[in-house]
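The values are calculated or read from the model by the stated rules, or taken from the named source; none is laboratory data. As the structure is a computational prediction, the values presented were derived from the model and not from experiment. Using ideal geometry, Cβ is built from the backbone for each residue, glycine included, and neighbour counts are taken over all protein chains shown.
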Number of protein chains: 2
Amino acid sequence: MNKEKKNRPNPRRDVIIAKAAMLFRKNGYVATSMRDLAEEVGVEAASLYNHISSKSEILQDICFRVANKFMLNIDEVSARPISALEKVELILRFHIREMINNYEEVNVSDREWRHLPEPYLLNFQNQRKIYRQKFASLIEEGIRSGEINEIDAPTAVIIMLHAVSGIESWHRSVKKIDADQLEKNMVMILIHGLKKNS
Amino acid sequence: MNKEKKNRPNPRRDVIIAKAAMLFRKNGYVATSMRDLAEEVGVEAASLYNHISSKSEILQDICFRVANKFMLNIDEVSARPISALEKVELILRFHIREMINNYEEVNVSDREWRHLPEPYLLNFQNQRKIYRQKFASLIEEGIRSGEINEIDAPTAVIIMLHAVSGIESWHRSVKKIDADQLEKNMVMILIHGLKKNS
DNA sequence: CCTACCGATCGGTAGG
DNA sequence: CCTACCGATCGGTAGG
């Protein structure tokens with residue numbers, strides 16, 4: 001008897017969550033019904049409940065998987081023997097690549113977390129806060145060492161995180177430039193600014 | 001007999017739309033019911049329909065008022081006898097101030113436009129596209145004149161617009177820095193970049 | 001995995 | 001501006 005449902009691989013469940021992420025991103029969590037999702041998966045709505053226990057459980061799965069991935073990355077990058085500015089740039093690049101390669105789930109996590117039920121909402125908001133504080137600390141370290149301009153670190157964090165979330169517009173549109181070019185441009189603008197140094 | 005309902009001042013209607021903007025921003029358009037809105041206004045749900053014809057009409061009002069304001073601004077700024085980089089900076093500052101002073105409606109317009117019914121959705125998306133093209137043209141002008149780094153202009157537009165939308169996080173949090181400081185910091189980071197010129 | 005169904009809530013209308 | 005109400009749809013369950 002398997003007690004740990006969560007750790008057992010369940011391909012059907014993964015399909016449901018992947019389809020849900022796609023619908024949640026496109027139409028929003030609230031506007032997506034379990035019947036919409038069932039149709040996408042190819043079953044009746046009632047059958048979904050053999051694999052998931054509620055609609056909000058799907059949202060929890062998506063939001064926390066994304067949050068954990070980013071948290072692991074910032075800790076891994078922070079531990080490296082490189083300068084603070086290099087760390088900030090690496091984290092920025094990680095955000096850009098995740099937004100491109102995993103954009104359904106990352107966008108859902110970014111935009112739909114407000115609909116998490118308690119106590120998950122509070123938990124998610126806390127993780128978010130901790131992540132931003134870690135990011136801000138790296139920027140402050142860079143300011144102290146003279147690599148980074150003397151700006152308000154929390155404001156810089158907000159700009160970095162939200163600028164990257166704009167990639168959704170790029171992903172949906174006709175991609176005139178490729179992913180590598182996009183990453184290069186974003187890093188250029190955010191790290192070096194718009195203005196040319198004369 | 002007044003045929004033009006739209007142009008007649010209607011303070012009650014304005015209150016309804018302001019309360020709706022606040023609820024739509026906080027909980028999302030779909031998750032806000034007409035009963036929630038009625039309670040906020042202090043009437044029964046049915047009474048709202050004496051002032052508005054549908055829930056989606058409220059969303060239309062908010063989205064297009066915001067879109068028109070930004071469009072007017074970019075045209076006004078573009079016509080000025082100043083450099084392209086100065087124009088870009090002025091537009092950026094306008095976005096920041098609107099996000100701070102009018103943040104309920106601007107945020108609703110930014111995040112909930114997807115729920116506009118056709119043909120308004122298509123109309124809104126077109127206006128959005130035109131706005132971004134105008135913005136991108138100014139950046140390209142700045143690149144040609146040598147004021148702005150050689151980056152992909154549409155990518156720069158996406159970064160500018162989305163970075164500013166992050167102000168919502170600032171607005172909701174304990175405001176450790178004031179609005180002027182926030183504007184100064186955002187312009188610094190986006191125009192001059194994170195990296196200090198050594 | 002399905003059929004059949006539940007109570008709750010939705011946007012909106014009729015009529016006064 | 002209200003009471004009373006409509007059909008549609010929601011998330012979810014029972015039972016097989």
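In segment A:1-24, the qualifying residues are those that are more than 17 Å from A:ARG35 (Cβ to Cβ) and basic (Lys, Arg), and the one that is modelled with the lowest pLDDT is A:LYS3.
Among the residues of segment A:58-68, some residue qualifies, meaning at least one is surrounded by 20 or more Cβ atoms within 10 Å (Cβ to Cβ), closer than 30 Å to A:ILE148 by Cβ and more than 16 Å from DNA strand C (Cβ to nearest atom). May I ask you to verify whether A:LEU85 is at pLDDT 95 or above and in contact with a strand residue (DSSP E or B) (Cβ under 9 Å, 6 or more places away or on another chain)? Here the answer is yes, as A:LEU85 does meet what is asked. Checked against (1) within 9 Å of another protein chain (Cβ to nearest Cβ); (2) under 28 Å from B:ARG172 (Cα atoms); (3) surrounded by 14 or more Cβ atoms within 10 Å (Cβ to Cβ), A:GLU140 meets all criteria but (1).
In the set B:ILE177, B:ILE151, only one residue is surrounded by 15 or more Cβ atoms within 10 Å (Cβ to Cβ) and assigned to a loop (DSSP other than H, G, I, E, B); that residue is B:ILE151. Search segment B:31-82 for residues being in a loop (DSSP other than H, G, I, E, B), within 13 Å of DNA strand D (Cβ to nearest atom) and among the hydrophobic types (A, V, I, L, M, F, W, C), and hand back the single one that is nearest to A:SER33 (Cα to Cα). Applying the filter and picking the extreme gives B:ALA31. For segment A:74-91, does any single residue satisfy the condition of being hydroxyl-bearing (Ser, Thr, Tyr) and either under 27 Å from A:SER54 (Cα atoms) or in contact with a Cys (Cβ under 7 Å, 6 or more places away or on another chain) (or both)? Looking through segment A:74-91, none of the residues is hydroxyl-bearing (Ser, Thr, Tyr) and either under 27 Å from A:SER54 (Cα atoms) or in contact with a Cys (Cβ under 7 Å, 6 or more places away or on another chain) (or both). Hey, any hits in segment B:83-100 for a residue that's within 12 Å of chain A (Cβ to nearest Cβ), over 15 Å from the mean Cα position of the chain (by Cα) and among the hydroxyl-bearing types (Ser, Thr, Tyr)? Yes, segment B:83-100 has at least one match.
If you go through segment B:156-174 and keep only what is crowded, with 21+ Cβ neighbours inside 10 Å and more than 7 Å from chain A (Cβ to nearest Cβ), you end up with B:VAL157, B:MET160, B:VAL164, B:ILE167.
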